[in-house]
Amino acid sequence: MSKWPIALTISILLSFSIHAEKTKKYKDGVYYGAAKGYEGPVKVKVEVKNGKIKNVKIIKEKESAPKAAFKKIPSKIIKKQKIKVDIVSGATVTSNAIIKAVKDALKKAVAKK
């Protein structure tokens, strides 16, 4: 039996999952999320407009890590329109907390089909 149909099936499934990530649409509104940071909770406010992430604002944090994470991570998320972004060196826990908090907020914004 040829391996070709299996490879073709896997390829098709992967292309569908990639397409689904790119076409994920969010409901317009303001959503709040939180996650555990290094020094305590990190809370964010995420604004969605026209189905896209328009703003990510850190509204509460007590982190001692480099503050660069608080500028870089939200701007990367907005630019890429997804939460899978590179973390800030020296602020791994804080970067991951911001990402997880945004993910928490966006769970409430996923548009139902």
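Every read-out reported here was derived from the displayed coordinates using simple, explicitly stated rules and does not represent laboratory data. Predicted model only: the values in this text are computed from it and were never measured. Glycine also receives a Cβ, built like all others from the backbone with ideal geometry; neighbour counts cover every protein chain displayed.
The alpha carbon convex hull volume per residue for segment 26-107 rounds to 68 Å³.
Straightening the chain between Lys62 and Thr92 buys 9.3 nm, computed as 0.36 nm per residue apart minus the Cα-Cα spacing. With a cut-off of 20 Å on the backbone N, the residues of segment 81-113 near the modelled label site 7 Å out from Asn55 along Cα-Cβ are 81-83, 98-99, 101-110.
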